[in-house]
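The values are calculated or read from the model by the stated rules, or taken from the named source; none is laboratory data. Nothing here was measured: the structure is a model prediction, and the numbers come from that model. Every residue, glycine among them, receives a Cβ derived from its backbone with ideal geometry; neighbour counts consider all protein chains shown. Keep in mind that these areas ignore ligands, DNA and RNA; they rest on the heavy atoms of the full protein, side chains included. Shrake-Rupley method; radii C 1.70, N 1.55, O 1.52, S 1.80 Å.
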Amino acid sequence: MEASIIKADGNSSFLLSGFKLSLINALRRAIINSVETLAIEDITIFKNTSSMYDEVLASRLGLVPIKTIPELSKSKKEISFKLKETGPKAVHASDLIPSDKDLVPVYPDMLLVNLREGESLELEAKAVFGSGKDHVKFSPAHVSYHFYPIIDIKKGGVKGAATIASLCPVNILEGSGETLSVKKGMTQECILCKACEDYAGAENIKISSDSDKVVFELDNWGQLGNEEIFKQAFDNLSDELNDLEKKI
Ligand code: SF4
C-alpha cells in the first residue's frame, strides 16, 4: 500500500494505491463524523429588531466555522462570543467578540445579517466541542474519493479538439487543430464525467479508471489543520476497531 500527496493546500488530495475501498471509506467517515471541532451551540438573544428571525440567525451562527484548539476540549473553560451592533451595518463573523482571542471565526468576511437604519442586534453565543455525529456543523471537512482516471486520447486527427477541450467541466484538456491532450499533471482532476468521450467518440478519447488507485480529496473547512484532522480520525478509527475486536 502506498500513499502520496497530490495537493496539500486548504483543499488537499492524496493518491492511495493498493488500499481496500472499505478502509478508505472508513477513514472518510471517521473524518466527517468523529473529529472534534468547536461550533456555536447555545445562543441568548437579548435584542433582535433585524428582518431576520431569531431561529434563522441562530442557524447561521451555528454554521460559522471557528478556529479550534483541540487541547481546550479537556478544559472546562467556557468559550463564548458577544455581538452588539446597530444599523445601518453589514454584520460579519468578524464582529463576534470571542472570550478567547485565539478562537476566532475562520472566515471573518462571512455575512451574518444586514442591519438597516434603526435596527439592532445584541446576543451572546456559547461554543462547544462536538463531532459530525452530533451535527454536521462540527465536521472539519468535506471528504470524497474516486478512482484514478485513465484518459486515453488518440494521437492527432481529433476533429474539433478545441471544442472538446472547452466541454471539460474541470478544464484539464487543451486542444488546437486536431491535437487534444491533458494539461500537464492534471489527470487526477478528471471527474470521469465522460463529456469529452460522448462528444468525440470512444475511437478518439476513451475514459476509464484504475480501480487499484484512489484519489482521496479533503476540502478542509478551516477549523483544524489537515495533520490534526488525520491524527484524530486515525486515533478514533483505531479505538473503534479495538472496541469491535473485544466484542467479537
Ligand atoms: S471525463 Fe469529464 S472531466 Fe474527465 S477529461 Fe473528460 S470532460 Fe474532463
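How about the range 181-195: which of its residues are touching a residue at least 24 places away in the same chain (Cβ under 8 Å) and either more than 10 Å from the ligand (Cβ to nearest atom) or under 26 Å from S17 (Cα atoms) (or both)?
Hits for the range 181-195 are S181, V182, T187, Q188, C190, I191, L192, C193.
Exactly one of (1) in contact with a helix residue (DSSP H, G or I) (Cβ under 7 Å, 6 or more places away or on another chain); (2) modelled with pLDDT under 95 is unmet by S75. Its number?
Of everything listed in (1) in contact with a helix residue (DSSP H, G or I) (Cβ under 7 Å, 6 or more places away or on another chain); (2) modelled with pLDDT under 95, S75 misses just condition (1).
If you scan the range 201-217, which residues turn out to be more than 11 Å from the ligand (Cβ to nearest atom) and touching a residue at least 12 places away in the same chain (Cβ under 8 Å)?
Listed by number, the residues that qualify are E203, N204, D210, S211, D212, K213, V214, V215, F216, E217.
Out of the residues in the range 164-179 that are more than 10 Å from the ligand (Cβ to nearest atom) and buried (at least 16 other Cβ atoms within 10 Å of the Cβ), which is modelled with the lowest pLDDT?
G175
One residue is enough: does the range 19-37 have a residue meeting the conditions part of a loop (DSSP other than H, G, I, E, B), farther than 30 Å from F147 by Cα and more than 16 Å from the chain's Cα centre (by Cα)?
no
Of the conditions (1) open to solvent by 80 Å² or more (accessible area, probe 1.4 Å); (2) basic (K, R); (3) within 16 Å of the ligand (Cβ to nearest atom); (4) at pLDDT 95 or above, K231 fails just one. Which one is it?
Answer for K231: the failing condition is (3).
Among (1) farther than 20 Å from D9 by Cα; (2) outside the structural domain of I24 (by TED's automatic domain parsing), which single condition is Q232 missing?
The single condition Q232 does not satisfy is (1).
Considering (1) more than 24 Å from the chain's Cα centre (by Cα); (2) over 21 Å from P105 (Cα atoms), say which one Y148 fails and leave the rest.
For Y148, the exception is condition (1).
Being of a type in the set (A, V, I, L, M), within 24 Å of Q223 (Cβ to Cβ) and free of Cβ contacts under 8 Å to residues at least 60 places away in the same chain is the filter here; which residues of the range 1-55 pass it?
Correct list: A3, I5.
Going by the conditions given, is E55 modelled with pLDDT under 95 and over 16 Å from L103 (Cβ atoms)?
Numbers: modelled with pLDDT under 95: no; over 16 Å from L103 (Cβ atoms): yes.
No.
Is the range 203-217 home to any residue that is exposed (fewer than 13 other Cβ atoms within 10 Å of the Cβ), assigned to a loop (DSSP other than H, G, I, E, B), in the same structural domain as R29 (by TED's automatic domain parsing) and out of contact with any Ser or Thr (no Cβ under 8 Å at 6 or more places or on another chain)?
Filtering the range 203-217 for residues exposed (fewer than 13 other Cβ atoms within 10 Å of the Cβ) gives 203, 210-212.
Now restrict to residues that are assigned to a loop (DSSP other than H, G, I, E, B): 203.
Filter again for in the same structural domain as R29 (by TED's automatic domain parsing), leaving 203.
Adding the requirement that they be out of contact with any Ser or Thr (no Cβ under 8 Å at 6 or more places or on another chain) leaves 203.
Yes, the range 203-217 contains a residue that is exposed (fewer than 13 other Cβ atoms within 10 Å of the Cβ), assigned to a loop (DSSP other than H, G, I, E, B), in the same structural domain as R29 (by TED's automatic domain parsing) and out of contact with any Ser or Thr (no Cβ under 8 Å at 6 or more places or on another chain).
Assigned by TED's automatic domain parsing to the domain that holds I69 and in contact (Cβ under 8 Å) with a residue 24 or more places away in the chain: is that true of K133 in this structure?
Yes: the conditions hold for K133.
Where the second residue is modelled with pLDDT of 95 or more and among the hydroxyl-bearing types (S, T, Y) and the first is part of a helix (DSSP H, G or I) and lies in the range 225-248, which pairs have Cβ atoms under 6 Å and are six or more apart or on separate chains?
Hits for this filter: N236/S34.
For the structure I just gave you, tell me whether D198 is open to solvent by 60 Å² or more (accessible area, probe 1.4 Å), charged (D, E, K, R) and within 14 Å of the ligand (Cβ to nearest atom).
Against the criterion (open to solvent by 60 Å² or more (accessible area, probe 1.4 Å), charged (D, E, K, R) and within 14 Å of the ligand (Cβ to nearest atom)), D198 qualifies.
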